[in-house]
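Chemist: Supplied in structure tokens, the structure appears directly below.
The values are calculated or read from the model by the stated rules, or taken from the named source; none is laboratory data. Predicted, not measured: the structure shown is a model, and the values here were computed from it. Here Cβ is always computed from backbone atoms with ideal geometry, including for glycine, and neighbour counts include all displayed protein chains. Note: areas computed on protein heavy atoms with side chains; ligands, DNA, RNA excluded. Shrake-Rupley method; radii C 1.70, N 1.55, O 1.52, S 1.80 Å.
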Amino acid sequence: QVQLVESGGGLVQPGGSLRLSCAASGTIFSLNDMAWYRQGPGKQRELVASITSGGIPNYADSVKGRFTISRDNAKNTVYLQMNSLKPEDTAVYYCNGHLYTRDYWGPGTQVTVSS
């Protein structure tokens, strides 16, 4: 049974930083493409960043230059380093894993950017 569990969310001031982690179990982590999505209040869920099994990252325009996605296959973990946070980044952040025809989702972690 594949499980993804996010951690690292919380309350941060504008301009601050947070580092989200997503720990995977029940799958061969290194074979999965991984991604972070988010859903803000009253908004659709959107793709924030992705990283292929080969380590190639991509980012939404809204977070380019501020967020960095990375993975540590030895720890079965994908990270999202978030810098220069803005109130518009407030959302529930979800970890996603994809392998061929399968998609897996974590339960989400809340990120609130407010002074």
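Chemist: Of the trypsin sites (Lys or Arg not before Pro) in region 1-92, which ones lie in a loop per DSSP and count no more than 11 other C-beta atoms within 10 Å? Write down the numbers at each step before the final one.
Modeler: Working: sites: R19, R38, K43, R45, K64, R66, R71, K75; in loops: K43, R45, K64, R66.
Taking region 1-92 and a limit of 11 other Cβ atoms within 10 Å, the loop trypsin sites (Lys or Arg not before Pro) found are K43, K64.
Chemist: To continue, here is another question. With a sphere of radius 12 Å drawn around the Cβ of N32, what net charge do the other residues whose Cβ falls strictly inside it have (Lys, Arg +1; Asp, Glu -1)? Write down the numbers at each step before the final one.
Modeler: Details: positive: R71, R102; negative: D33, D103.
Residues close to N32 contribute a combined charge of 0.
Chemist: Round to the nearest 0.05 the FRET efficiency obtained for A74 and Q44 when R0 = 30 Å and r is the Cβ-Cβ distance. Can you show the working numbers first?
Modeler: Numbers: r = 35 Å, r/R0 = 1.15.
With a Förster radius of 30 Å, E is 0.30.
Chemist: On to the next question. Under a Cβ-Cβ cut-off of 15 Å, what is the net charge of the residues other than S53 that fall near it, where Lys and Arg count +1 and Asp and Glu count -1?
Modeler: Details: positive: R71, R102; negative: D33, D72, D103.
Once all neighbours under 15 Å are counted, the net charge is -1.
Chemist: Please compute the length gained on full extension between S115 and S25, using 0.36 nm multiplied by the number of residues separating them and subtracting their Cα-Cα distance. Walk me through the numbers before you get to the answer.
Modeler: Details: separation 90, 0.36 × 90 = 32.40 nm, distance 3.58 nm.
Between S115 and S25, full extension yields 28.8 nm more.
Chemist: So if I take the centroid of the Cα atoms in region 64-83 and the same for region 1-34, what is the distance between those two points in Å?
Modeler: So the two Cα centres are separated by 8 Å.
Chemist: Let me ask something additional. Let me check I've understood the local charge: for A23, count other residues with C-beta under 9 angstrom from its C-beta, Lys and Arg +1, Asp and Glu -1. What total comes out?
Modeler: Details: positive: K75; negative: E6.
Around A23, the surrounding residues sum to 0.
Chemist: Hey, can you find the accessible area per residue of the chain for me, probe 1.4 Å, expressed in square angstrom? It would help to have the intermediate numbers written out before the result.
Modeler: Working: 6170 Å² over 115 residues.
The answer is 54 Å² per residue.
Chemist: Next up: Of all accessible surface on the chain at a 1.4 Å probe, what whole percent is carbon and sulfur? Provide the component values of the computation, followed by the final result.
Modeler: On the way: 2990 of 6170 Å².
Its accessible area is 48 percent carbon and sulfur atoms.
Chemist: Measure off 7 Å from each Cα along the Cα-to-Cβ vector at D103 and S84, then give the distance between these two points in nanometres to one decimal.
Modeler: Going from the D103 label point to the S84 one covers 3.0 nm.
Chemist: May I pose another question? By a straight-distance test (C-alpha under 23 Å), which lysines pair with K86 as possible cross-link partners, with residues fewer than eight away in the same chain excluded?
Modeler: The qualifying lysines are K43, K64.
Chemist: Restricting to Cα pairs below 8 Å that are 6+ residues apart, what does the relative contact order work out to for the chain? Please round to a whole percent.
Modeler: On the way: 280 pairs, mean separation 42.1, N = 115.
After rounding, I find 37 percent.
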